[in-house]
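Participant: The structure that follows is given in the form of structure tokens.
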């Protein structure tokens, strides 16, 4: 969420048209037909004042229509999940939850869906996209940025947001709870409006927020506001299925629904969407080359790529990018040989592993467990998974959790917590199984060129596995139980 120089100068530009950081603000929520405003103050002086008060505290790059935001869904894809989200937004009944959590593993297209929804539904009044590639992934600009957009889409809130900022000069550095209450909730509650359906804010990539305390605060604020039943808006939050996020939204006591969940997985519709996307792209490339596409790819090639994707749209979009630099025949041949260069996947996996290891080191510095021991648990787990995958004719176990736990020699129930930062690439079912979501992660680990410091060489992994196996066996002989 790094702020460009332009994001700090918006108060001096385009005020006559009330454009601000989100472009044409005349397309406001009160014109959508859902709300009647009895009194609106939208003077140029208020625009200038709000710009001045929020100067340097908003993130232009975090908006859904910014240059750095993800693309939208490919035409005709993701229809079911988009329809479910649309129905959730349009249903004004009190039985509907106030929070919607869209989650799924890395690379399945959560951000793309979030951007598509934000750009196609009038009820969405504000967005914030955390980005793994941004130099600033703190929560400091979250509510100021949402408040700015709120003031543009529902102009009557502007005077109340300005009043809150003036009454408390430290509001922009206050706790998340205070910012939500005074920049979002109260300005909406003070509006003299009749609503047939609540407005919606979309926040994507919350797992990318580097401030874990602020993230926990943010989630708890939304949950508590939802529990109270008087929150004047709804939120869509999108993330990987990380245990910290689930823990913060799981402890809910309420007589009415608070949270709905949508899990994105490798469904039949997902297979069809990926197949349609690849077929269209290959056909288009064939026509550009002046060739009959059927001369160099068959349906079986598409089917193979679909299965290799495991629902990961990032994987197939990487393939399509390669079409720009290579002949489709060469791309298909690389895919058959599992030798596709995948820079986007490499970057994603490197970020995930670096974040997991940094979290371990940070906990150690704060008085937590020894970092070398904790890093060893992570390294051993990955080595075991590599060995299992390369020898699945021997280790084809659906319930491997206890085996991995015993091989590493860790206390029962502790392994899940120690791997909590790997939830986006590892499907962890506590006490049952640990598996990778996508085989490309194992391919990444076993390529030194791609993974660098995270490289897991199979011979070394096998030696480590055999050592752990012998140690666990010796422990069983001595104590009568696995270590």
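Participant: With the Cα gyration tensor of segment 348-391 in hand, convert its eigenvalues to equivalent ellipsoid semi-axes via √(5λ) and list them largest first in whole Å.
Facilitator: Over the Cα atoms of segment 348-391, the ellipsoid semi-axes are 23, 13, 4 Å.
Participant: With a/c under 1.5 counting as rounded, go ahead and sort segment 161-240 into rounded, prolate or oblate using the C-alpha gyration tensor (a ≥ b ≥ c being the square roots of the eigenvalues; past the cut-off, prolate if a/b is larger than b/c, else oblate).
Facilitator: oblate
Participant: What translational diffusion coefficient, in µm²/s and rounded to a whole number, does the Stokes-Einstein relation yield for segment 268-341 at 37 °C and a viscosity of 0.692 mPa s, taking the hydrodynamic radius as the Kirkwood radius over Cα pairs?
Facilitator: Here the translational diffusion coefficient equals 269 µm²/s.
Participant: Please report 404, 125 as a ranked list, fewest other C-beta atoms within 10 angstrom at the top and most at the bottom.
Facilitator: Sorted ascending by nearby Cβ count, the order is 404, 125.
Participant: Which whole-number value in Å³ per residue fits the convex hull of the alpha carbons of segment 185-318? List each step's numbers first, then the result.
Facilitator: Values: hull volume 25.1 nm³, N = 134.
For segment 185-318, the hull spanned by Cα atoms encloses 187 Å³ per residue.
Participant: Can you tell me the mean projection area, over all orientations, of the convex hull of segment 344-479's alpha carbons? Units nm², please.
Facilitator: So the Cα hull casts an average projection of 8.5 nm².
Participant: Moving on. List the extent of the Cα atoms of segment 144-190 along each of their three principal axes, largest first, rounded to whole Å.
Facilitator: 24, 17, 17
Participant: Give me 101, 88, 296 sorted ascending by neighbouring Cβ count inside 10 Å, so fewest comes first.
Facilitator: By the 10 Å Cβ count, ascending: 88, 296, 101.
Participant: Could you line up 80, 192, 116 from fewest to most neighbouring Cβ atoms inside 10 Å?
Facilitator: 192, 80, 116
The numbers here are math on the coordinates, done by the rules we state, and not lab data. What you are looking at is a predicted structure, and each value in this text was computed from that prediction instead of being measured. Every residue, glycine as well, gets a Cβ built from its backbone with ideal geometry; the counts of neighbours run over all protein chains shown.
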